[in-house]
Amino acid sequence: MQVNPGLEGVVVAETAISHIDGQQGHLIYRGYDAKQLATTSTFEKVVHLLWKGHFPDGEEEKQWLVKCRQSQTLSDEMIRLIQTIPERIDMLSTLRSVLVTMENPDWPPTWEQAIRVLVQVPIIIAARYRYLHHKPIVPPRDDLSFAANYLYMLRGDEASEAHVKGLEAYLILTAEHGFNASTFTSRVVTSTESDILSAVVAAIGALKGRIHGGAPSEVDDMLGEIGSIERAESWMREKLERGEKLMGFGHRVYKTTDPRAEALRTVVQEYAANEPWFDFAVQVEQIALQLLKEYKPHRSIYTNVEFYTAAVLKAIQLPAELYTPTFVVSRTAGWIAHILEQASHNRIIRPDSRYVGPKCAKITK
Ligand code: ACO
C-alpha cells in the first residue's frame, strides 16, 4: 500500500464543476475561464453555472434572482444568538453556531436548501460584525446584488460601483477550487448522508486554518511586521532560515503563479495603483519570490491567491478581520456545488490507512 501524505496526487472522484491546470496556471469553471468570468459575469450567474452547469438566461435568470432574494432572512432567533455569543468567540465559530439554527434540512440536499444557506452566510457575518462594532444591525435589501448587499449590510450605506465590482471579481475568483481541504471536508460529510448544513459547517472549520483560508490576514500581518522595503529581505530571510513559511506563497496544485493571484493583482491595480501600500506589496512579492527560489530551489513556489486577496479586500476598504469570513461567503458557493454533486451519485468516502504500530503487544499487569 502506497501512502501519499496529504493525499497528494490521489484522485478520489470525478467532478464536472471545475478544472485546475497547475502547470499552466488555468482555472476553469464548467468549461469557462474563471479569470474572464471575474470581469464579465455576476456572482449570482456564476453560482448558477457552478450548481446547475449552465448560465441562467431570460426567465430562468429572473426566477433565480427572485429565489436568491426571497431566501434572505434574519430571524429574531438568529439576532438573539448573534448578540448572545460572547465577543471573544471568533467570527467563523459564531457563524457556525448561528447557521445551525436554520430549519433542520433533510437528506438529500435540495436547491431551496442550497440557496438558503448561501444567502444566509453574508447576512450573519454582517450582522455579527455590526453588533461587535456597536452599530445597529442592517437587514438585507432585495433590490441589491449579492455583492452590493454584503457591503451594504456591513456599512449601512450603499457601496460605490467600483467597490461592488472589486468585491464581485473576488467572490467569483474564489468561489470554487476543486478538491481543496474545505471542499473535500464538505464532500466527506455529505457522503455519510448528513445534511447540507452539517457539511457547510464542517467546511467552515476546515477553511479557518491559517494555511488555508486564514492566510490573507496572515499576509496582512506579515506586510505590517516587515514595515519597510529596506527590512523586507532580512525579515523574510530570517523566517526561511527558521524553516517557517511565507504567507501568500506556495500551493499544492499550482507550480506556477496562481491565476487567481494574477487576476486579483489586475483588479487591485485599478483601485490602488497609486497607493504606497500596493507598491510595497508588489515589491515584497518580488523579493519573496527571489528568496523562495534561493531557499527552495526544487519546489516551484509562487504567489498564491491569498497574497492579493489581502490587497483587493484592503483596496475596497474591508477590515482585515473580515478577510477570512469574506472567503467563506464566496467559497460556500463552491462547497454547495460539491455537496450537490456528491449527493447526486453518492458512495461513502472511506479511505484506507497503513498501520505502523506494534503488531502483537502483550498485556501485562
Ligand atoms: N514559504 C516557504 N516554504 C514553503 C512555502 C512557503 N509559503 N510553501 C511551501 N514551502 C516549502 C515547505 O517548507 C516544504 O519545503 P521542504 O520540502 O524543504 O520541507 C515544501 O515547500 C513543500 O511544502 P508543503 O507544506 O509540504 O506543501 P503543501 O503542498 O503540503 O502545502 C500550502 C501547500 C499549505 C499552501 C503551503 O504552500 C503553505 O503553507 N503556504 C503558506 C500558507 C498560504 O499561503 N496558504 C494559502 C494557500 S491557498 C488557499 O488555501 C486558498
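The values are calculated or read from the model by the stated rules, or taken from the named source; none is laboratory data. Only a predicted model underlies this, so the values are computations on that prediction, with no experimental measurement involved. Backbone-built Cβ (ideal geometry, glycine too); neighbour counts: all protein chains shown. Note: areas computed on protein heavy atoms with side chains; ligands, DNA, RNA excluded. Shrake-Rupley method; radii C 1.70, N 1.55, O 1.52, S 1.80 Å.
Please verify whether the stretch 235-242 includes one or more residues that are farther than 25 Å from Gln23 by Cα, within 12 Å of the ligand (Cβ to nearest atom) and either modelled with pLDDT under 90 or in a loop (DSSP other than H, G, I, E, B) (or both).
Yes; the residues of the stretch 235-242 include at least one that is farther than 25 Å from Gln23 by Cα, within 12 Å of the ligand (Cβ to nearest atom) and either modelled with pLDDT under 90 or in a loop (DSSP other than H, G, I, E, B) (or both).
Filter the stretch 46-74 down to the residues that are open to solvent by less than 50 Å² (accessible area, probe 1.4 Å), part of a helix (DSSP H, G or I) and of a type in the set (A, V, I, L, M), then identify the one that is nearest to Leu173 (Cα to Cα).
Once the filter is applied, the top-ranked residue is Val46.
What do you reckon, is Ile211 among the aliphatic types (A, V, I, L, M), within 15 Å of the ligand (Cβ to nearest atom) and in contact with an Asp or Glu (Cβ under 9 Å, 6 or more places away or on another chain)?
Yes.
Out of (1) over 23 Å from Ala263 (Cβ atoms); (2) crowded, with 21+ Cβ neighbours inside 10 Å; (3) under 16 Å from the mean Cα position of the chain (by Cα); (4) more than 16 Å from the ligand (Cβ to nearest atom), the odd one out for Leu154 is which?
With respect to (1) over 23 Å from Ala263 (Cβ atoms); (2) crowded, with 21+ Cβ neighbours inside 10 Å; (3) under 16 Å from the mean Cα position of the chain (by Cα); (4) more than 16 Å from the ligand (Cβ to nearest atom), Leu154 is out only on (3).
Can you work out which of the residues in the stretch 282-332 that are of a type in the set (D, E, K, R) and within 13 Å of the ligand (Cβ to nearest atom) is farthest from His177 (Cα to Cα)?
Step by step, filter the stretch 282-332, then rank; the result is Glu294.
Quick grid of which residues meet (1) at pLDDT 95 or above; (2) within 11 Å of the ligand (Cβ to nearest atom); (3) part of a loop (DSSP other than H, G, I, E, B); (4) under 15 Å from Phe307 (Cβ atoms):
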site: Gly224; (1), (2), (3), (4): no, no, no, yes
site: Glu230; (1), (2), (3), (4): yes, no, no, no
site: Met247; (1), (2), (3), (4): no, yes, yes, yes
site: Val253; (1), (2), (3), (4): no, yes, yes, no
site: Thr256; (1), (2), (3), (4): no, no, yes, yes
site: Leu264; (1), (2), (3), (4): no, no, no, yes
site: Val268; (1), (2), (3), (4): no, no, no, yes
site: Phe280; (1), (2), (3), (4): no, no, no, yes
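Looking at the stretch 1-23, which of the residues that are open to solvent by less than 50 Å² (accessible area, probe 1.4 Å) and part of a loop (DSSP other than H, G, I, E, B) is farthest from the ligand (Cβ to nearest atom)?
It comes out as Ala13.
Can Ala181 be described as near the ligand (Cβ under 9 Å from one of its atoms), of a type outside the set (S, T, N, Q) and touching a His at 6+ places or on another chain (Cβ under 6 Å)?
The answer is yes for Ala181.
Could you please let me know if Ser198 is more than 28 Å from Asn304 (Cα to Cα) and not in a helix (DSSP H, G or I)?
no
Hey, can you tell me all the residues within the stretch 289-308 that are outside any loop (DSSP other than H, G, I, E, B) and in contact with an Asp or Glu (Cβ under 9 Å, 6 or more places away or on another chain)?
Within the stretch 289-308, Gln290, Leu291, Tyr295, Thr303, Val305, Glu306, Phe307, Tyr308 meet the criteria.
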